[in-house]
Amino acid sequence: MKLSVVLPCYNEKDNLEALFARLDLLAEQSDSIEIILVNNGSTDGSDRVFETELARRNTSIFKVVKVEKNIGYGFGILSGLRAAKGEVLAVTHADRQTDPMDVLKAYNIYQSAADTKLLVKGFRKNRKLSEAVFSYGMGMLASLVLGTRLTEINAQPKLFSKNFFEQYEKLAPNDFSMDLYFLYQAKKHGQIKDFPVYFAKRVAGEAKGGSGSSWKVRWKLMKRSFKYIFELRKIVKA
């Protein structure tokens with residue numbers, strides 16, 4: 001297995017049918033790929049949709065990892081990554097705001113670089129000004145506190161070697177701060193390459209903390225991110 005693609009899914013029932021159709025196109029591009037969808041404690045009836053969609057497909061390519069209770073965005077992704085068999089691991093979202101086919105662009109960049117310490121990630125275009133400013137501000141704060149430049153922390157997809165993941169996953173947090181943790185490790189011990197991705201509007205389901213979320217939800221995320229930036233500084237200095 002060369003490439004494993006992990007998609008965390010939390011209460012995305014209304015997106016799953018269209019998502020699977022798009023993932024079929026991704027699966028056709030390689031004979032050595034697995035696609036892992038993480039049912040991250042969903043309570044909206046996603047289980048039935050997963051069963052229906054998997055029954056139509058090759059289960060040597062498509063897999064579902066079920067997390068019984070949602071304890072965090074990061075935990076869902078980590079559960080999928082730990083189950084992955086690929087030499088290269090990728091993470092992207094199930095909300096259809098980022099095209100799963102962007103994973104192939106990231107994979108081509110990774111292969112061309114021939115650097116197992118490389119992390120490739122998307123850089124979101126055409127975002128609302130308020131959301132771009134929010135992301136820029138968090139990136140600037142993280143950069144100042146941690147002493148290394150970090151941008152578009154929560155952008156997707158992200159792609160890296162399995163060796164990189166196994167080296168740093170033990171201290172990874174279980175919430176949205178996981179993205180920051182892995183970006184920091186990649187920047188300090190390797191390198192990061194960005195590539196532009198088109199960021200679409202959410203057409204179904206409810207935002208969980210990113211684009212389209214209420215300011216109450218985003219404020220909660222911002223406070224947690226702010227706190228974790230300083231926690232991470234302590235961890236790396238220990």
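The values are calculated or read from the model by the stated rules, or taken from the named source; none is laboratory data. These figures come from a predicted structure and were not determined experimentally. Please note: Cβ atoms are built from the backbone with ideal geometry, for glycine as well, and neighbour counts cover all protein chains shown.
Tabulated data for the structure shown
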read-out: Any hit, region 185-208, residues being over 28 Å from residue 14 (Cα atoms), part of a helix (DSSP H, G or I), touching a residue at least 24 places away in the same chain (Cβ under 8 Å) and not charged (D, E, K, R); value: yes
read-out: First in region 78-91 and at negative phi, second anywhere and part of a helix (DSSP H, G or I), Cβ under 6 Å, 6 or more apart; value: 81/165; 87/162; 89/81; 89/162; 89/165; 90/103; 91/77
read-out: So residue 53, is it farther than 24 Å from residue 197 by Cα and in contact with a helix residue (DSSP H, G or I) (Cβ under 8 Å, 6 or more places away or on another chain); value: yes
read-out: Unmet requirement for residue 124, which otherwise passes all of (1) at pLDDT below 95; (2) over 15 Å from the mean Cα position of the chain (by Cα); value: (2)
read-out: Residues (of a type in the set (Asp, Glu) and within 12 Å of the chain's Cα centre (by Cα)) located in region 103-116; value: none
read-out: Extreme residue, nearest to the chain's Cα centre (by Cα), among residues of region 44-64 that are of a type in the set (Gly, Ala, Ser) and either surrounded by 15 or more Cβ atoms within 10 Å (Cβ to Cβ) or assigned to a helix (DSSP H, G or I) (or both); value: 46
read-out: Checklist (1) surrounded by fewer than 19 Cβ atoms within 10 Å (Cβ to Cβ); (2) within 27 Å of residue 26 (Cβ to Cβ); (3) hydroxyl-bearing (Ser, Thr, Tyr) applied to residue 130, failing item; value: (2)
read-out: Residue in region 1-28 that is farthest from residue 206 (Cα to Cα), counting only those that are of a type in the set (A, V, I, L, M) and part of a helix (DSSP H, G or I); value: 27
read-out: Residue under evaluation residue 106, criteria (1) part of a helix (DSSP H, G or I); (2) surrounded by fewer than 19 Cβ atoms within 10 Å (Cβ to Cβ), criterion not met; value: (2)
read-out: Residue match in region 48-66 (condition: within 15 Å of residue 103 (Cα to Cα) and among the aliphatic types (A, V, I, L, M)); value: no
read-out: Residues (surrounded by fewer than 13 Cβ atoms within 10 Å (Cβ to Cβ) and either of a type in the set (A, V, I, L, M, F, W, C) or free of Cβ contacts under 8 Å to residues at least 60 places away in the same chain (or both)) located in region 27-43; value: 28, 31, 32, 43
